[in-house]
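The values are calculated or read from the model by the stated rules, or taken from the named source; none is laboratory data. This is a predicted model, so every value here is computed, not measured. When we count neighbours, we look across all protein chains shown, and the Cβ atoms used for this are built from the backbone with ideal geometry, even at glycine.
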Amino acid sequence: MNSFTPQKHNIKAALHKLMPADSVCRIEKGMVRMMQNTNRISIKKDNTPIYDIVLAEDYNPFLKELEALKLAGRKVCIVTDSNVSKLHLNNLLEIVKDYARVVETFTFPAGEDSKTLATVEFLYEKLIQSNFDRNDMLFALGGGVVGDLTGYAAATYLRGIAFLQIPTTLLACVDSSIGGKTGVDFKAYKNMVGAFHQPRLVYINLAHLNTLDDRQFCNGMGEVIKHGLIRDIEYYEWLKGNREAILKRDPQALKEMVLRSCKIKQMVVEIDPTEKGVRALLNFGHTLGHSIERLMEFKLLHGECVSIGMVSAAYLSQVHGYLNKDDVTEITETLSSFNLPVSLTDTDIPSEEFLRVCFHDKKVDGNLIKFILLKEKGNAVIDTSVSREDILETVNCIKKTKLSEAICEN
């Protein structure tokens, strides 16, 4: 079957279509791996750099970045949540106050429940009362909720002001802080209100990852493993081979992992900055994952829901003739080995409810859902041929106790 049709296309096809052949060759021969010795990745639009991702082991290199931002005479508001503020706010505040004229802080209750327009309104009030103008700046210090909310406030306050991403979770480091997607939930519908607004800088202090509890760390592994499955089979195998070092948070393993994931996301968002095509491949595991997240009332973390969603998408890939049973079982076991859930056995929510919520997802195109499937491990495709019956069958499978046995029955 042709892998570039109105229904199905993949990253490799898009690279060949949009980039010179020699550039594609260099990427496929290991440009991602070449990045492991650098601490800076430049995100470009139309071959023009628009912001950098900087990786460091502490805040020392951040001083140079602050100088480059020319904050003298400007106001900065550091936006964070109630968990992160206890760990990292004072440290950042002490650093930034020497570079900006005024430094304000805004802290909201931690958790997905705060990712709402109401919280954004409180932030607007703070900025208005503090006389923030278009030359002032927001710093997002936290995980995905903080980054998404702060970015949306920056995109809409005074029709747009600058902001920085300072991610403190693994998930935010490798995924949500990169690419300019911002937004909030609306009546529990995930990221239904939002805008594309690129940060001025993404500063990743890898030391933050040592402050995460095990569940939050493994939550980020859901997005990390996703990168390997959709784009780079060698990276996926590297993750499996270095599982013990990663879970022990070995500094060198973490640095290489974060760099490689950031580079994969860089390549995708540069090709498709506003998700008109191949960027949708980053939604692998997210279609059902978002449904699970909402219907479980956010009791499961985002990466945990994506993990279950990836198993679902792998199963659908088998149903559609791409993967075989062994592939699906192996993907399921890999996710489980990183302490991620792979089934949804403790719910009595009807399968039809998951289907209904899927059709309220922003990935719906008309009456069709853009499902991301795996043509093979390391090669994702967009597929709009997944039927309602396919989705119901998949949900029924992930609600069984032993998912691997459910897969093998089909």
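A compact table of results
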quantity	calculated
Where Ala188 falls short, out of the listed (1) in contact with a Lys or Arg (Cβ under 6 Å, 6 or more places away or on another chain); (2) surrounded by 19 or more Cβ atoms within 10 Å (Cβ to Cβ); (3) hydrophobic (A, V, I, L, M, F, W, C)	(2)
Filter result for Leu209 (out of contact with any Gly (no Cβ under 8 Å at 6 or more places or on another chain), among the aliphatic types (A, V, I, L, M) and assigned to a strand (DSSP E or B))	no
Selection from the range 196-240 of residues that are among the aromatic types (Phe, Trp, Tyr), surrounded by fewer than 22 Cβ atoms within 10 Å (Cβ to Cβ) and either modelled with pLDDT under 95 or touching a Leu at 6+ places or on another chain (Cβ under 9 Å) (or both)	Tyr236
Exclusive hit being buried (at least 23 other Cβ atoms within 10 Å of the Cβ), out of contact with any Leu (no Cβ under 6 Å at 6 or more places or on another chain) and of a type in the set (Phe, Trp, Tyr), set Phe359, Phe284, Phe338	Phe284
Count - residues of the range 294-312 that are in a helix (DSSP H, G or I) and crowded, with 23+ Cβ neighbours inside 10 Å	11
Tabulated pairs, the range 373-399, first assigned by TED's automatic domain parsing to the domain that holds Asp327 and over 23 Å from Asp326 (Cβ atoms), second in a helix (DSSP H, G or I) and small (Gly, Ala, Ser), C-beta under 9 angstrom, 6+ apart or interchain	Ile382/Ala280; Ile391/Ser312; Ile391/Ser351; Leu392/Ser351
Test: Ser291 is among the hydroxyl-bearing types (Ser, Thr, Tyr), within 15 Å of Val386 (Cα to Cα) and crowded, with 24+ Cβ neighbours inside 10 Å	no
Residue in the range 268-288 that is farther than 17 Å from Ser176 by Cβ, assigned by TED's automatic domain parsing to the domain that holds Lys226 and either free of Cβ contacts under 8 Å to residues at least 12 places away in the same chain or in contact with a Pro (Cβ under 6 Å, 6 or more places away or on another chain) (or both) present	yes
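A quick yes/no check of all residues on (1) under 13 Å from Gly142 (Cα atoms); (2) in contact with a Lys or Arg (Cβ under 9 Å, 6 or more places away or on another chain); (3) in contact (Cβ under 8 Å) with a residue 40 or more places away in the chain; (4) not in a helix (DSSP H, G or I):
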| position | (1), (2), (3), (4) |
| --- | --- |
| Ala68 | no, no, no, no |
| Thr80 | yes, no, yes, yes |
| Lys86 | yes, no, no, no |
| Glu94 | no, no, no, no |
| Ala100 | no, yes, no, yes |
| Glu104 | no, yes, no, yes |
